[in-house]
C-alpha cells in the first residue's frame, strides 16, 4: 500500500516539474531565437526557424511516447 502512494507522489511531482520547466523554457527560448530586426522579413525568418525547430524536436518525442505505449500493451 505504501509503495503505490510513493509512486503516485513521484509521478505527480514529475508532472508538475515538467509543466513548470516547459513554461520556463517557453519564456526563455523564443526571445533567444526570434530577435528584433528592422525588417519584418527577418523576424519572419526567425519565427520560421523557431517553428520548424520545435517541430523537429517534438515530433520524434511524440512518436517515441506513442510507440512505447503500443509496445508495452
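Bear in mind that the values in this text are calculations on the coordinates, not laboratory data. It should be emphasised that the depicted structure is a prediction, and the values quoted were computed from it without experimental measurement. No Cβ is skipped: glycine too gets one built from the backbone with ideal geometry, and neighbour counts run over all protein chains shown.
For beta carbons closer than 7 Å, sequence separation of 6+ or different chains, a first residue in the range 7-34 that is within 17 Å of residue 54 (Cα to Cα) and a second that is assigned to a helix (DSSP H, G or I), the qualifying pairs are 30/50; 33/46; 33/49; 33/50; 34/43; 34/46; 34/47; 34/50. Being surrounded by fewer than 10 Cβ atoms within 10 Å (Cβ to Cβ), assigned to a helix (DSSP H, G or I) and without any contact (Cβ under 8 Å) to a residue 60 or more places away in the chain is the requirement here; does residue 45 meet it? No; evaluated as a whole, the condition is false for this residue. For the range 50-60, does any single residue satisfy the condition of being touching a helix residue (DSSP H, G or I) at 6+ places or on another chain (Cβ under 9 Å), surrounded by 10 or more Cβ atoms within 10 Å (Cβ to Cβ) and not in a helix (DSSP H, G or I)? Taking every residue of the range 50-60 in turn, none turns out to be touching a helix residue (DSSP H, G or I) at 6+ places or on another chain (Cβ under 9 Å), surrounded by 10 or more Cβ atoms within 10 Å (Cβ to Cβ) and not in a helix (DSSP H, G or I). Of the set (1) under 14 Å from the mean Cα position of the chain (by Cα); (2) exposed (fewer than 10 other Cβ atoms within 10 Å of the Cβ), all apply to residue 25 but (2).
Look at (1) surrounded by fewer than 10 Cβ atoms within 10 Å (Cβ to Cβ); (2) in a helix (DSSP H, G or I) and you find that residue 36 fails only one, number (2).
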